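Peer 1: Sending over a structure as structure tokens; questions will come in a sec.
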Amino acid sequence: MSDTTNQVKKKRWHSRKRRVQKALSRDPRARLTVYRTSKHITAQIDEPETGRTIVTVSTNSKRVMGDSKATGNVEAAKKVGTAIAEAAKEKQISEVVFNRNGFLYHGRVKALAEAAREAGLKF
């Protein structure tokens, strides 16, 4: 891809990200934020008032992935979603706001969200 194509894609992503953040900034609940790359996916829960990170789970973690080699697929995202919900339960967090961070809600982002819901996290 050319440099101009990458710049346009990045601009669109930043635009979606700002729009999502503006909508979520008024909510007092904890925030479940997702970030994905081509190889990994990360989920973290933040406090809205201070911005402090409470829990972080990623496909980089051996505890989450175990012996699995593939980290950039839907199955890995499901594992991360389940792990973040379990970690939130340990911290007595049951209800969050889902921040997709400008990423489209399909594929790995959707799989992570559905796995977290199935594991008991409400959003």
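The values are calculated or read from the model by the stated rules, or taken from the named source; none is laboratory data. These numbers were taken from a predicted model, which means no experiment stands behind them. Here Cβ is always computed from backbone atoms with ideal geometry, including for glycine, and neighbour counts include all displayed protein chains.
Peer 1: V57 passes all but one of (1) farther than 15 Å from R29 by Cβ; (2) assigned to a helix (DSSP H, G or I); which number fails?
Peer 2: If we test V57 against (1) farther than 15 Å from R29 by Cβ; (2) assigned to a helix (DSSP H, G or I), just (2) comes out false.
The rows are residues; the columns are (1) modelled with pLDDT of 90 or more; (2) at positive phi; (3) in contact with a helix residue (DSSP H, G or I) (Cβ under 9 Å, 6 or more places away or on another chain); (4) of a type in the set (D, E, K, R).
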residue: S15; (1), (2), (3), (4): yes, no, no, no
residue: R63; (1), (2), (3), (4): no, no, yes, yes
residue: I84; (1), (2), (3), (4): yes, no, yes, no
residue: N99; (1), (2), (3), (4): yes, no, yes, no
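Peer 1: On to the next question. Condition first: hydrophobic (A, V, I, L, M, F, W, C) and touching a residue at least 40 places away in the same chain (Cβ under 8 Å). Can you find one or more residues in region 11-19 that meet it?
Peer 2: Yes, there is a match, as at least one residue in region 11-19 is hydrophobic (A, V, I, L, M, F, W, C) and touching a residue at least 40 places away in the same chain (Cβ under 8 Å).
Peer 1: In region 85-123, which residue that is assigned to a loop (DSSP other than H, G, I, E, B) and of a type in the set (A, V, I, L, M) is surrounded by the fewest Cβ atoms within 10 Å (Cβ to Cβ)?
Peer 2: The qualifying residue surrounded by the fewest Cβ atoms within 10 Å (Cβ to Cβ) is L104.
Peer 1: Restricting the search to region 72-84, which residues are crowded, with 21+ Cβ neighbours inside 10 Å and either touching a strand residue (DSSP E or B) at 6+ places or on another chain (Cβ under 8 Å) or not in a helix (DSSP H, G or I) (or both)?
Peer 2: A76, A77, V80, G81, A83, I84
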